[in-house]
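Each remark here refers to the structure printed beneath this line.
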Amino acid sequence: MELRHLQTFLQVASLQNFTQAAKMLGYSQSNVSAQIQQLEQEIGVLLFKRIGRHVLLTQQGEELVPYAQQIITDSLRMQDVLKDKASLGGVIRIGMVQSLFDNLFKDALAKYHALFPQVKIELTLEGTEILKDQLKHGLLDAICVIDNPLSQREWTCLQIQPVKIVVIANPGNKLTRKKSLTLAELEAENLILMEDTASYSQHFQHLLAGQNLKLEPFLKMQSTSMALQLVEAGNYITVLPEYVVNKAAQDQKVTILNLPEFHQLQYVQFAQHKSSIRTIQNEAFLQILYQSLQKHILHKD
């Protein structure tokens, strides 16, 4: 049994498509089909059910996934464990949401590149749901997201940290003069929200809808840093993770509104899919990101 056959099997299993798997691996489609057929012949079971252009794992195929993943992981670690970090190469594909990129990446990149100068990093900035889908289909090695707790049955969460979600306004807004507010008092405000791929935006909108409140965002965007800047400069309100706004609030550039009706925690999570291959290189990157999280968001040494 060849390792490359197992790698091809995992890629097809993730993408559920022979053509896309061939493109990702740099093989022809016929080569991928031949590898899978040879693996099936060696094992003696059918691994995929072919349905049009897509394929689904058989029960035996699903059972093979964790074993194939472990074999490849052990093989890669065996090759790398005795090497000096500076000599390790390869590519890691990391997905991050914009707010974590803004707060963590610069510091983490410098530390990681000093330890692993030969490793190339491919970075994707997208919303949480898109990143989860790309990770699930083998297009990323790991993701750094803010979301509700991910299912431990499907995902391997290497780090998880709760963070508070807050509503902020420009200090000149009349609402900032009130010690306590109801959600109904926000109805007349100009609301900026993150795109619906941010689960905290969805939660806020559902909370408003549950009280029959009509507060539609006039602007939806992906960049939390730009949303913060807009509130600093104009008479808007927005909903953001507390770590995004803390410094601006301390500098009195924005005000965090006191809304007793609005209590929400989200979780910063560094995760891989259960089918992901865990290498020394990508695990080290996530660990360094977590150290940056401790320093820049949790303010722990």
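The values are calculated or read from the model by the stated rules, or taken from the named source; none is laboratory data. Quantities reported herein were computed from a predicted structural model and do not represent experimental measurements. Here Cβ is always computed from backbone atoms with ideal geometry, including for glycine, and neighbour counts include all displayed protein chains.
Only residues that are in a helix (DSSP H, G or I) and under 12 Å from Ile192 (Cβ atoms) were counted across region 233-252, and they come to 1.
Whether any residue in region 205-218 is buried (at least 18 other Cβ atoms within 10 Å of the Cβ) and more than 16 Å from Leu259 (Cα to Cα) is what I want to check. Yes, some residue in region 205-218 is buried (at least 18 other Cβ atoms within 10 Å of the Cβ) and more than 16 Å from Leu259 (Cα to Cα). Does Arg4 meet the test of being touching a Leu at 6+ places or on another chain (Cβ under 9 Å), assigned to a helix (DSSP H, G or I) and not hydroxyl-bearing (Ser, Thr, Tyr)? In short, yes. Only residues that are modelled with pLDDT of 90 or more, in contact with a Ser or Thr (Cβ under 6 Å, 6 or more places away or on another chain) and crowded, with 20+ Cβ neighbours inside 10 Å: list them for region 255-301, please. If the condition is that a residue be modelled with pLDDT of 90 or more, in contact with a Ser or Thr (Cβ under 6 Å, 6 or more places away or on another chain) and crowded, with 20+ Cβ neighbours inside 10 Å, then Thr255 is the only one that fits. Within region 28-40, the set of residues being free of Cβ contacts under 8 Å to residues at least 12 places away in the same chain and either within 13 Å of Leu6 (Cα to Cα) or in contact with a Leu (Cβ under 6 Å, 6 or more places away or on another chain) (or both) comprises Ala34, Gln37, Glu40.
Restricting region 253-301 to residues that are in a strand (DSSP E or B) and of a type in the set (A, V, I, L, M) leaves a set whose member that is farthest from Ser14 (Cα to Cα) is Ile256. Counting the residues of region 65-75 that are surrounded by fewer than 17 Cβ atoms within 10 Å (Cβ to Cβ), at pLDDT below 75 and within 24 Å of the chain's Cα centre (by Cα) gives 1.
Does Leu207 satisfy the condition of being modelled with pLDDT of 95 or more and either within 20 Å of the chain's Cα centre (by Cα) or not charged (D, E, K, R) (or both)? In short, no.
The requirement of being under 23 Å from the mean Cα position of the chain (by Cα) and at pLDDT below 90 is fulfilled nowhere in region 51-64; no residue meets it.
A quick yes/no check of all residues on (1) touching a residue at least 24 places away in the same chain (Cβ under 8 Å); (2) in contact with a strand residue (DSSP E or B) (Cβ under 7 Å, 6 or more places away or on another chain):
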| residue | (1), (2) |
| --- | --- |
| Phe204 | yes, yes |
| Leu208 | yes, no |
| Gln211 | yes, no |
| Asn246 | no, no |
| Phe270 | yes, yes |
| Ile280 | yes, no |
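From the list Asp147, Asp196, the one residue that fits, being closer than 30 Å to Leu56 by Cα, modelled with pLDDT of 90 or more, in contact with a helix residue (DSSP H, G or I) (Cβ under 9 Å, 6 or more places away or on another chain) and not β-branched (Val, Ile, Thr), is Asp147.
Among residues of region 219-243 that are within 20 Å of Glu129 (Cβ to Cβ), those with a Cβ under 6 angstrom from a residue that is hydroxyl-bearing (Ser, Thr, Tyr), sequence gap 6+ or separate chain, pair up as Thr224/Ser99; Ala227/Thr238; Leu240/Thr224; Pro241/Ser99.
Residue by residue, here is whether (1) surrounded by fewer than 17 Cβ atoms within 10 Å (Cβ to Cβ); (2) within 15 Å of Ala271 (Cα to Cα); (3) of a type in the set (S, T, N, Q); (4) more than 12 Å from the chain's Cα centre (by Cα) holds:
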residue	(1), (2), (3), (4)
Leu109	yes, no, no, yes
Thr124	yes, yes, yes, no
Thr128	no, yes, yes, no
Lys132	no, yes, no, no
Leu135	no, yes, no, no
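So which of Gln118, Gln98 ends up being in contact (Cβ under 8 Å) with a residue 12 or more places away in the chain and surrounded by 14 or more Cβ atoms within 10 Å (Cβ to Cβ)? So the residue among Gln118, Gln98 that is in contact (Cβ under 8 Å) with a residue 12 or more places away in the chain and surrounded by 14 or more Cβ atoms within 10 Å (Cβ to Cβ) is Gln98.
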